[in-house]
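Please treat every number below as a calculation from the coordinates, not as lab data. Worth saying up front: this structure is predicted, and the values here are computed from it rather than measured. As a convention, Cβ positions derive from the backbone with ideal geometry for all residues, glycine included, and neighbour counts pool all protein chains shown.
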Amino acid sequence: MQYVPILATDSIADAFAKRVALSPDKAAYREYDAPSQSWRERTWSDMAGQVGRVRAAFATEGLAPRDRVAIMLRNCPEWVAFDIGAHAQGLVVVPLFVDDRPENFAYILNDAGVKVLLVEGEEHLKRLDEVRAQLGSLQRIITVKPVADRGDAAVRSLDQWLPAEPAGETRPIVDGHSLATIVYTSGTTGKPKGVMLTHQNMLQNVKSALGAYDVYPDDVLLSFLPLSHMFERTVGYYLTLVSGSVVAFARSIPQLSEDFKTVRPTIIVSVPRIFERLHAGVHASLAEASPAKRRLFDFAHHVGWSRFEWQQGRGPFKASFVLWPLLKLLVADKLLERMGGRLRLCVSGGAALNPEIAHTFIGLGLPICQGYGLSEASPIVSANRLDRNDPASIGLPLPGIEVAIGENGALMVKGPNVMLGYWNNPEATKQVLGDDGWLNTGDQARKDPNGFLYITGRIKEIIVLGNGEKVPPVDMELAIQLDPLFEHVMIVGEGKPYLAALVVLNAEQWAKVPEADRTDKAVTARIAKLIKGFPGYAQIRRVALLTDKWTVDNGLLTPTLKLRRSVILERLRAQVDALYKGH
């Protein structure tokens, strides 16, 4: 293996330069070219030329080290070149959620004081138009795709912005201890907080991850989680840069199943939602299969799971294991072929993996290792290993990262991956980051005698959706309850594909609502107006309309009139399940 050696002062741009020197002619990235309907590759040398041109373009903008630039773009080589070119020039990169609402990315652009923004094309420009007057610091908008002349001198296409030749300067301006990125993550106030990470925060997290897993130059990673999230950025980008592996950028989530078969990846990083979709697809097929095929499928994954437990040293050897080669041929291989047939490592994070899904897929030979992290830790804290894998846990701490269980069972983290703090928010920083360097994750955990970590709860009420997005429900609930129609509101969605809400209606107010508006759809639209100030992914998709009151007497409220969330979930389980029926 030819890993890039990471020194204590290296920046992202330093690591990239070392990779180019080690393997200039090796494939670095693959992307789908729509006009030719084929996948094309870019070598590390190709990328170096593009990075050099980006850096030269930045030099013409009059930017100073530590100035902020932003990317609102789907995963592609241009994302990478812009990021590394900015780092080489000493700039701070702010990634944006590509489908966020205008008011939300406007808040981030203003809070960070972003001066240059890279977007995809006309669609993003139209959304920017809605908030353009608010963006005082923004001096340049660059579009990857050519757009019609808008009479706006600030807007330029990437081809126009990039000079023909790369920058003459090749050494990065700043070292690895400088601020590299500000990643905005949901806070408890409804406004996102900017996590400040240095180059070394992220590179040391890569180094820790490579101490847990072997990654090879001939590995192929299919990238489909957004690079605006630290999980994909660290593992699916910086780690592959250090290991010299190939990254193939998936076309879209709807085309993911086809991309799996074409790219045939050996490694993926994923949120549970991808496995949930695959699981749903498998069971939809089984529903139409014969009873004999369904029994064969169940038998295969149960045998496979028992075999996995035996290999992990947690279960006995069973006579049924001798049937595994046949079961693998008849059942397991067919599932694995759906994902290209070459996967040797699947890292799942961002939210908890459903135990039933883990049981099924690991039983059929899909090598899923669940991990845990948060943006404030760059992001990986712990992960299961292929040879030490308890899917019910979040694994073992990565090498070089310390964990401890603090007050109230809080999971505490310390290491070179821990953030500097929150941008322009010292009070929020003090709440989670001590002077001694320990980060309070806000999650409760326990540690077993073998070192495995298990999440047991959350100190603050945060919902983690199936795609890894974190949503503070209390603030949204308070916003919704400003409408007198709603007596009580409880948002649900832990591990689910979207948010939904249980709403207790005020009988008097409900009687005033026109008959035509007394529908789930109409109430959902009404709620959407009340929470429009929250991030784009924090949308209520479905509601359950309830008329029975929640009171202290019936046990659904505490004496201080707070929601007893676990009791409500248990008592209204049928209604909650109905909100996600068919998904």
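Quick notes on this one:
- Distance between the C-alpha centres of segment 197-241 and segment 476-524: 41 Å, rounded to the whole angstrom.
- Neighbour-count ranking [beta-carbon atoms within 10 angstrom, fewest first] of MET412, MET339: MET412, MET339
- Screening the chain for whole DSSP H helices of 27 Å or more along their axis (Cα) with average Kyte-Doolittle hydropathy at least -1.0 returns 291-311.
- Mean Cβ count within 10 Å, highest first, over the residues of peptides 289-295, 362-368: 362-368, 289-295
- Taking a quarter of the surface of the Cα convex hull of the chain gives a mean projected area of 29.9 nm².
- Residues MET230, MET490, ranked from the fewest to the most other C-beta atoms within 10 Å, line up as MET490, MET230.
- Each peptide in 150-159, 432-441, 196-205, 413-422 receives the mean, over its residues, of other Cβ atoms within 10 Å, and ordering these scores from highest gives 196-205, 413-422, 432-441, 150-159.
- Put a plus charge on the Cβ of each Lys and Arg, a minus charge on the Cβ of each Asp and Glu, and nothing anywhere else: the dipole of the chain about its Cα centre is then about 1040 debye.
- Put in line by how crowded their Cβ is, counting other Cβ atoms within 10 Å and starting with the fewest, THR456, THR262 read THR456, THR262.
- Over 27 Å between alpha carbons, listed pairs LYS18/LYS470; LYS18/LYS115; LYS126/LYS529: LYS18/LYS470; LYS18/LYS115
- The shape of segment 12-270 can be summarised by an equivalent ellipsoid whose semi-axes, obtained from the alpha carbon gyration tensor, come to 27, 21, 20 Å from longest to shortest.
- Residue-normalised convex hull volume from the C-alpha trace of segment 472-579: 107 Å³ per residue.
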